[in-house]
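For reference, the structure is listed below as C-alpha cells.
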Amino acid sequence: MQTHLTGELAALSAAFLWALASVVYARIQASPLAINLGKGIVAIALLTLTLIFQGGLAPDLPSHSLLLLLLSGAIGIGFGDSVYLAALRALGARRTLLFEALAPPLAAVLALLFLNEELSSWAWLGMSLTIAGVTWVISERSSQLQEQGRDRRWGIVYALLASMAQASGAVLSRAALVDTPLSPTWGAFLRLCSGVFVLVLWGLGQGKLRSWVLELRSQHLLRQLCLAAFGGTYLGIWLQQISLKYAEAGIAQTLTATSPLFVLPIAIWLGERVSIRAWLGAATAVTGVALLLWLQ
C-alpha cells in the first residue's frame, strides 16, 4: 500500500544516495564516460538479479509507454550525462551545477504542458525555496574550485542541454509510469539499458569504447565503482523511478536535486569546514522541502 508521501520520500532518499556516491566517484581515477558506462553496466547486472529474485515477468507494457521509457533513458542518462560532463570541462563545476538548478522548474513546466499536472501555489513556492537554497549552497561550496575550460559559450549550451535532458527524461519517465502496471524496478532497468546503449554507440562512434573498457579493468577501481554504482545508480535510479511514479514530475525533480545539501554533513565528517552561508542555504532548501511535503 502506497502512502501519500511515497514519491517524495523516495526522491529525498535518492538524493541522499547520490550524495554518498558522489564522494566515491570523486575518488575514482578514470575518465568520466568510462565511469558512466561502468556504473550503468553494474547497475543493470544488479537490477537483472533483482528481477530474477522477484520472479516477475515483464508486464505487457503498451508500445507507446515502452517507447517513452526508452527515450527517457536515452535522453536523461545517455545524452544528458554526456553533455553534463562536457559542460563540466568547459565551465567548471560551479557554473555547471548552477545551470542544473534549472531542471526542476523545466520539469514542472513540461509536466504542466504535456501531462496536465497543475501544482498548487504552495508547491511552486516550495520548489522556488528549495532551488534557491540548493543554488546558494552549491555556489558557496564550489566557489573555491578552479574554473576550467576555454569555450564558455559551448559550455553554456552543454549545461542548458543537460538541464533540458534531465527535465525531459523525468517527464517522459513519469508519463510512462503513472498509468501503467510497470514497476519502478522494471522502469529503472529499461532506462539504464537505453542509457548504456547510447553510451556504447557514443564510444563506438568516437572509437573510444575499447579504451573505456580497459580503464575499468583495475580491481581497485572496480571495487570503488561497484560500491558507488550499488548506492548511487542501482538504488538511486530505482528510487527515482518510484518518485516519478507517485509524485508530480516537478516535485520529484526538485527533491532529487537536493543532493548538495546531504554533502554538507559528509564534508564535516571528512574534516572540511562548512560556512554559515552554506547552512543558511541548507535551511532555506529544507523549508522548501517542508512546503512540498506537508503544505500541498
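Being modelled with pLDDT under 80, within 21 Å of the chain's Cα centre (by Cα) and farther than 30 Å from Leu68 by Cα is not true of Val274.
When you scan the range 191-198, do you find a residue that is free of Cβ contacts under 8 Å to residues at least 12 places away in the same chain, out of contact with any helix residue (DSSP H, G or I) (no Cβ under 6 Å at 6 or more places or on another chain) and under 23 Å from Ala170 (Cβ atoms), even just one? Reasoning before the result, please.
Keep residues of the range 191-198 that are free of Cβ contacts under 8 Å to residues at least 12 places away in the same chain, which gives none.
Taking every residue of the range 191-198 in turn, none turns out to be free of Cβ contacts under 8 Å to residues at least 12 places away in the same chain, out of contact with any helix residue (DSSP H, G or I) (no Cβ under 6 Å at 6 or more places or on another chain) and under 23 Å from Ala170 (Cβ atoms).
Candidates in the range 48-103 are the residues that are of a type in the set (D, E, K, R) and assigned to a helix (DSSP H, G or I); of these, the one that is modelled with the lowest pLDDT is Arg94. Just a yes or no: is a residue in the range 9-25 at pLDDT below 85 and of a type outside the set (A, V, I, L, M, F, W, C)? Yes: the range 9-25 contains one or more residues that are at pLDDT below 85 and of a type outside the set (A, V, I, L, M, F, W, C).
From the residues in the range 31-46 that are of a type in the set (Gly, Ala, Ser) and assigned to a helix (DSSP H, G or I), which one is nearest to Trp202 (Cα to Cα)? It comes out as Ala34.
I'd like the full set of residues that are assigned to a helix (DSSP H, G or I) and modelled with pLDDT under 75, limited to the range 282-296. Residues satisfying the conditions are Ala282, Ala285, Val286, Val289, Ala290, Leu291, Leu292, Leu293, Trp294.
Looking only at residues of the range 180-223 that are among the small types (Gly, Ala, Ser) and outside any helix (DSSP H, G or I), we find that the one that is surrounded by the most Cβ atoms within 10 Å (Cβ to Cβ) is Ser183.
Working only within the range 240-273, note down all residues that are in contact (Cβ under 8 Å) with a residue 24 or more places away in the chain and either outside any helix (DSSP H, G or I) or polar (S, T, N, Q) (or both). Scanning the range 240-273 gives Gln240, Gln241, Ser243, Ala247, Glu248, Gln253, Thr254, Thr256, Ala257, Thr258, Ser259, Leu270. Scanning the range 235-247 for residues that are closer than 12 Å to Leu172 by Cα and surrounded by 24 or more Cβ atoms within 10 Å (Cβ to Cβ) turns up Gln241, Leu244.
The values are calculated or read from the model by the stated rules, or taken from the named source; none is laboratory data. Being a predicted model, the structure only gives us computed values, none of them experimental. Neighbour counts are summed over all protein chains in view; Cβ atoms, including those assigned to glycine, are modelled from backbone coordinates with ideal geometry.
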